[in-house]
Amino acid sequence: MKSIFAALALAVLAGCTTTAPTTPKYDTTYDAVGQSSRARFLVLHYTVANTPASIKILTQQQVSAHYLLTDEAQPKIYRLVDENRAAWHAGNSSWKNFTQLNNSSIGIEIVNAGWKDTPQGRVYAPFPQAQMDALLPLVKDIVARHGIAPENVLGHSDIAPLRKQDPGPQFPWQRLAQEGLILWPDANRVAAVRPAFDALLPDVAWFQRKLATHGFGLVQSGTYDEATRTTLAAFQMKYRPRDISGVADAETAALLEVLTTPANTPPPAVPAALAPVAPVAPVAPTAMPAPAPMPMSTPTPTPTLPEPTPVLPVEPTPETAPAPATPVITTP
């Protein structure tokens, strides 16, 4: 009997035992031609925090990034998230026809203080030369391995202009352009198209269409609203950082035109009504009789006009500049 009970107990235990799943075995003989990297975008940020705080936030909170570049004399590059996984750095974002870019981008956080408001206006922190020297090889390596196009190497302010300003107007985008890493307007083309916009500035609907064609997710309201002003300022931060007022001016129009039209597109024509008038050949003066003397009269006193009030430049304020970014980064 004892042996029978023992056999029954073993059978019951065997039935309760969960078999550990085995790892499937794959044959990797074939490799499909139709494939590409999941990383379509590279997004650059500043942290608005020092290195220890940035490390703590990016590793112990919900927000994260694939890489963190420090601002030390010899900058370090920390890899915080494997490139095959999504880091939570982009937040609510869009570019061209893509949204929620966490799943299709690689994020680099750069230690930088961001900006502060002063009596002289908003001041943005520079990026040390050593930091940029460390960043360039990292960007080159990422875009080469993943085949990321220059028009998809972006700032946080590109993909979320109504929320974010990083990496800000001090970031040396033109240096990345010189390395062929980002899309950049040809200066000769900009100069060629500029006169037409100086003569006649397009309406706000034109600016909104061009911003959307460039990649911004901007509502086409047809009015110069706060979203349009802020998005224009984000565009100017990258391509004309000396003036990020968000004003729809001729220079911004020329930059947008060049960035959104093929290189062989002829420049827009200057409106005929506003085109410069050709000089007229001088006509020989005709002798005119001397005017008859006017009768004497009491001269009318010239009214004394007040001195004109000088127009002072308006310093940028939080209301006339993009809304500030809160430290680090964004919520995922």
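The values are calculated or read from the model by the stated rules, or taken from the named source; none is laboratory data. Predicted model, so just to flag it, every value in this text is computed and none were measured. Don't worry about glycine lacking a Cβ; one is built from the backbone with ideal geometry, like all the others, and counts go over all protein chains shown.
How many residues, within the stretch 40-65, are touching a residue at least 24 places away in the same chain (Cβ under 8 Å), closer than 24 Å to TYR124 by Cβ and surrounded by 16 or more Cβ atoms within 10 Å (Cβ to Cβ)?
Residues flagged as touching a residue at least 24 places away in the same chain (Cβ under 8 Å), closer than 24 Å to TYR124 by Cβ and surrounded by 16 or more Cβ atoms within 10 Å (Cβ to Cβ) within the stretch 40-65 amount to 15.
List every residue pair whose Cβ atoms sit under 8 Å apart, with the two residues 6 or more apart in sequence or on different chains, where the first one lies in the stretch 175-195 and is on the phi < 0 side of the Ramachandran plot and the second, anywhere, is among the aromatic types (Phe, Trp, Tyr).
From residues that are on the phi < 0 side of the Ramachandran plot, the pairs are ALA177/TRP184; ILE182/TRP173; TRP184/TRP173; TRP184/TYR239; PRO185/TYR239.
Would it be correct to say that ASP141 is in the same structural domain as PRO75 (by TED's automatic domain parsing), in a helix (DSSP H, G or I) and either without any contact (Cβ under 8 Å) to a residue 24 or more places away in the chain or touching a Pro at 6+ places or on another chain (Cβ under 9 Å) (or both)? Please lay out each step first, then the result.
Working: in the same structural domain as PRO75 (by TED's automatic domain parsing): yes; in a helix (DSSP H, G or I): yes; either without any contact (Cβ under 8 Å) to a residue 24 or more places away in the chain or touching a Pro at 6+ places or on another chain (Cβ under 9 Å) (or both): yes.
So ASP141 passes the test.
Considering ALA73, ALA53, ALA49, ALA39, which residue is closer than 21 Å to VAL153 by Cβ and among the aliphatic types (A, V, I, L, M)? Before you say what the answer is, go through the steps one by one.
Values: ALA73 fails: closer than 21 Å to VAL153 by Cβ; ALA53 fails: closer than 21 Å to VAL153 by Cβ; ALA49 fails: closer than 21 Å to VAL153 by Cβ.
None of the other options fit; the residue is ALA39.
So ALA73 clears everything in (1) exposed (fewer than 10 other Cβ atoms within 10 Å of the Cβ); (2) of a type in the set (A, V, I, L, M, F, W, C); (3) modelled with pLDDT under 95 except one condition, right? Which one?
(3)
Can you find a residue in the stretch 31-44 that is among the basic types (Lys, Arg) and modelled with pLDDT under 95?
So the first thing to find is which residues in the stretch 31-44 are among the basic types (Lys, Arg), and the list is 38, 40.
Subsequent filtering for residues that are modelled with pLDDT under 95 retains 38.
Yes, the conditions are met somewhere in the stretch 31-44.
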